[in-house]
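Worksheet: the structure to be examined is printed underneath.
The values are calculated or read from the model by the stated rules, or taken from the named source; none is laboratory data. The structure displayed is predicted, hence computed values, not measured ones. We place every Cβ from the backbone using ideal geometry, glycine too, and count neighbours over all the protein chains shown. When the accessible area is computed, the model is the full protein with side chains, heavy atoms only, and any ligands, DNA or RNA have been set aside. Shrake-Rupley method; radii C 1.70, N 1.55, O 1.52, S 1.80 Å.
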2 protein chains.
Amino acid sequence: MSGLRGLWVDGIEGAPVPADDRGLQYGDGLFETILVRNGVARFLELHLGRLERGLARLSIPFVDGPRLRADISRALDRAPPLAILKLIITRGTAERRGYAPTTGSPARHIVSLWSAAPLTGVEQGVELGVAQLRLPEPSPFAGLKHLNRLENVMAAAEAMASPAFESLLLSTAGHVVSGIACNCFLVRSGGLLTPPVDRVGVAGVMRQVVLREAARLGIPAREQVLELQDVFESDAMFITNARIGVVPVRRVREHVFGMSDIALRLRDAIEVLDA
Amino acid sequence: MSGLRGLWVDGIEGAPVPADDRGLQYGDGLFETILVRNGVARFLELHLGRLERGLARLSIPFVDGPRLRADISRALDRAPPLAILKLIITRGTAERRGYAPTTGSPARHIVSLWSAAPLTGVEQGVELGVAQLRLPEPSPFAGLKHLNRLENVMAAAEAMASPAFESLLLSTAGHVVSGIACNCFLVRSGGLLTPPVDRVGVAGVMRQVVLREAARLGIPAREQVLELQDVFESDAMFITNARIGVVPVRRVREHVFGMSDIALRLRDAIEVLDA
């Protein structure tokens, strides 16, 4: 891929991955995508905390935390002013073929660093489409940033012909879940609403930061099951992820939103934070 | 993994897989598991046909069919009397990071050959547990043997403490879907019932062979949405996959089945087939 500045597999630079890795065979693992600014991995501890919780939920024993941190440090030493740090942990190479996660080999960690371009053209808000593909709800792995991402891939494929910045994803139950690679927030009556992530969706780190900073700024915020009609009846909307931060939404389909002071306050407050 | 007799990545023996392969990054690909007896890959054309239909559904352009067949031939040349041939096709390495399946690099094919032990102790039927994990229904990728298999992995993890041969998987709607790595059939009133695979589950090649051979033998067979109660109210049950063929089920939880002439007839008729 273009933009790759370095890649380490279990600490070995440029190493490939054995073809019998369970990440490749089954998507048996987790990942994190972290923005790096001036050599600092933003919200690193929040990302590592989420990773640790995910490993526990998938019962992936991972004891290489210090080695993972050492590889992250090596990657950051090489970071251009703006970069993406991607971490993948797989269950490693199994003792034998088959779904059952027999132990025997340790988990594998893959650290890669990518150059990134500054985000431009989003200050006035972005446009969202609505994906045809529906996310199954409930998912046994709701909240996790796991490696089974075919739904996101095919929703992104569907969106490639569209000029929209992102697509809203709905669940099979008709609930608003998120974007393809972001979480979403509605602004209504001076407060924030965001879909829960306990039945479907990913518990984004930037989503967590928004909820934390909203509390700090005294902005009411809560999780609520939302439908598309709720989107259209809101005062404003914004999307979030580690890469883009907080980005206002100008339009969803034919519905045009105004700019929201709340979104801009949160964006500006979070923009200066690294932890 | 133990038992590996050979592995080819895009025709290169023993080659690893680049860590930025989309199969590893997102589970963006498909696979086939094929039984090899005396150097013959059983039902190979049915497996390749399913693979081709899956590639079309995921819009993965794959033009290396002749090279894939050449690699399969090389693997088969090395096959012990009983072996497993595994094929994986991923969308390859993308031009850039992100879910969108930008073209630019061709799909990647991975062929591996594994020794296999004869299946023993199943003649009198096997015991099935019932997994706690529920498969989300409907899935946008129902029927496909794709690389997003975390549900199967975690259901297999759950079953590891049990002495049962396999676990029945139910969907979030309460429907019987399959086993963890097999399809299932109920015998009732001299005919066969099997769950449809258009909303959840995998369209197994051995399932397809059973339906074909049932028609040939004049055994009525149809797809029907089934619940666990239907299992308990059936005369008999059997499970199927490419590895095990047709295996009668003796017991599901506390419910004990008798032996079914229909299951044994189908098993014996299919056992001698290679195509």
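A few remarks follow.
For (1) among the small types (Gly, Ala, Ser); (2) surrounded by 14 or more Cβ atoms within 10 Å (Cβ to Cβ); (3) under 25 Å from B:Pro140 (Cα atoms), each residue gets a yes or a no:
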{"site": "A:Ile180", "(1), (2), (3)": "no, yes, yes"}
{"site": "A:Leu186", "(1), (2), (3)": "no, yes, no"}
{"site": "A:Ala203", "(1), (2), (3)": "yes, yes, yes"}
{"site": "A:Leu211", "(1), (2), (3)": "no, yes, no"}
{"site": "A:Arg250", "(1), (2), (3)": "no, yes, no"}
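- If the condition is being more than 18 Å from the chain's Cα centre (by Cα) and closer than 14 Å to A:Ser73 by Cα, then the range A:10-39 contributes A:Asp10, A:Gly11, A:Ile12, A:Glu13, A:Asn38, A:Gly39.
- Count of the range A:186-215 residues which are within 15 Å of A:Phe43 (Cβ to Cβ) and in a helix (DSSP H, G or I): 9
- The set of residues in the range A:141-166 that are open to solvent by 30 Å² or more (accessible area, probe 1.4 Å), more than 7 Å from chain B (Cβ to nearest Cβ) and hydrophobic (A, V, I, L, M, F, W, C) comprises A:Ala161, A:Phe165.
- Only one of B:Ala117, B:Ala94, B:Ala56 that is under 20 Å from the mean Cα position of the chain (by Cα) and at pLDDT below 95: B:Ala117
- The residue list A:Pro106, A:Pro138, A:Pro66, A:Pro80 contains one member that is surrounded by fewer than 22 Cβ atoms within 10 Å (Cβ to Cβ), under 21 Å from B:Gly27 (Cα atoms) and more than 10 Å from chain B (Cβ to nearest Cβ), which is A:Pro106.
- Meets criteria (at pLDDT below 95 and in the same structural domain as A:Ile12 (by TED's automatic domain parsing)) for A:Thr103: yes
- The sole residue among B:Arg207, B:Arg253, B:Arg199 that is among the basic types (Lys, Arg) and over 21 Å from the mean Cα position of the chain (by Cα) is B:Arg253.
- Any hit, the range B:44-52, residues being at pLDDT 95 or above, open to solvent by 30 Å² or more (accessible area, probe 1.4 Å) and within 12 Å of chain A (Cβ to nearest Cβ): no
- Residue within the range A:229-239 that is without any contact (Cβ under 8 Å) to a residue 24 or more places away in the chain and not hydroxyl-bearing (Ser, Thr, Tyr) present: yes
- Any hit, the range B:256-271, residues being in a loop (DSSP other than H, G, I, E, B), in contact with a strand residue (DSSP E or B) (Cβ under 6 Å, 6 or more places away or on another chain), at pLDDT 95 or above and open to solvent by 20 Å² or more (accessible area, probe 1.4 Å): no
- Residues in the range B:18-43 that are open to solvent by 20 Å² or more (accessible area, probe 1.4 Å) and either in contact with a helix residue (DSSP H, G or I) (Cβ under 9 Å, 6 or more places away or on another chain) or farther than 14 Å from B:Pro80 by Cβ (or both): B:Pro18, B:Thr33, B:Gly39, B:Val40.
- Complete set of residues in the range B:5-42 that are of a type outside the set (D, E, K, R), away from chain A (no Cβ under 12 Å) and not in a loop (DSSP other than H, G, I, E, B): B:Ile34, B:Leu35, B:Val36, B:Val40, B:Ala41
- Which listed residue is surrounded by fewer than 18 Cβ atoms within 10 Å (Cβ to Cβ), under 19 Å from B:Tyr99 (Cβ atoms), away from every other protein chain (no Cβ under 13 Å) and at pLDDT 95 or above, from A:Val197, A:Val130: A:Val130
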